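Below is one structure, written out as structure tokens, with a few remarks after it.
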Amino acid sequence: MRETLILNAGFEPLSTVSLRRAVVLVMQDKAVVEHAHPGLRVRAADVDLPVPQVIRLRRYVRVPFRQRAPWSRRGVLVRDRHRCAYCGRRATTVDHIVPRSQGGGDTWLNTVAACAADNHRKADRTPAQAGMALSVKPFAPTPADALLLALGFRNGEGLPEWLAVPGGPVPVSAPALPASA
């Protein structure tokens, strides 16, 4: 199912909703379509509107401030684009850099996406103990970054210019590790 990004009246990312919910919000005049999928339209007897990719609420909604996005396995896989942090192949599992048995936790900075073979090969060891090197450095996305990553936007690709401004809400690129790491 297509996901639609909801922006607050001040253009801050709030959450994602289904296409159906986005269309209902637009039809009830509670939101406006800010960015639509090119060439796709929703049509019914009395309705003809573009398929919304980003909608903005007409009225400002107060939300509690969250400084960090909640950690999840799906979030780690999306953040790392389903690519193994060790070999670059398709990742299906999440690996703890410092294993949980050695005190490592479920945090953004301690987990990376990994293919099953590399996760099994590393086993219950740190990458240094297993003789494996990370090709990317894990990072903790902001809540806004996590929303945009979940929708498939990365480094501003596919975003409207007004949302992908330099230094704007989407500086989501995993920094590469230095060659000496």
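Okay, here's what the table says:
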quantity: Residue in the range 95-106 that is under 21 Å from ASP145 (Cα atoms) and surrounded by 17 or more Cβ atoms within 10 Å (Cβ to Cβ) present; calculated: no
quantity: Count - residues of the range 19-40 that are in a strand (DSSP E or B) and at pLDDT 90 or above; calculated: 4
quantity: Pair list, Cβ < 6 Å and 6+ apart or interchain, from the range 106-117 residues that are charged (D, E, K, R) to residues that are surrounded by fewer than 21 Cβ atoms within 10 Å (Cβ to Cβ); calculated: ASP106/TRP71
quantity: Matching residues, the range 42-89, being charged (D, E, K, R) and at pLDDT below 90; calculated: ARG43, ASP46, ASP48, ARG62, ARG66, ARG68, ARG74, ARG79, ARG81
quantity: Single unsatisfied condition, ALA117 versus (1) of a type in the set (A, V, I, L, M, F, W, C); (2) surrounded by fewer than 19 Cβ atoms within 10 Å (Cβ to Cβ); (3) assigned to a loop (DSSP other than H, G, I, E, B); (4) at pLDDT 60 or above; calculated: (3)
quantity: Failed item, numbered, when HIS35 is tested on (1) out of contact with any strand residue (DSSP E or B) (no Cβ under 6 Å at 6 or more places or on another chain); (2) within 27 Å of THR142 (Cβ to Cβ); calculated: (1)
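The values are calculated or read from the model by the stated rules, or taken from the named source; none is laboratory data. Worth saying up front: this structure is predicted, and the values here are computed from it rather than measured. FYI the Cβ positions are ideal-geometry reconstructions off the backbone, even for glycines, and counts take in every protein chain you see.
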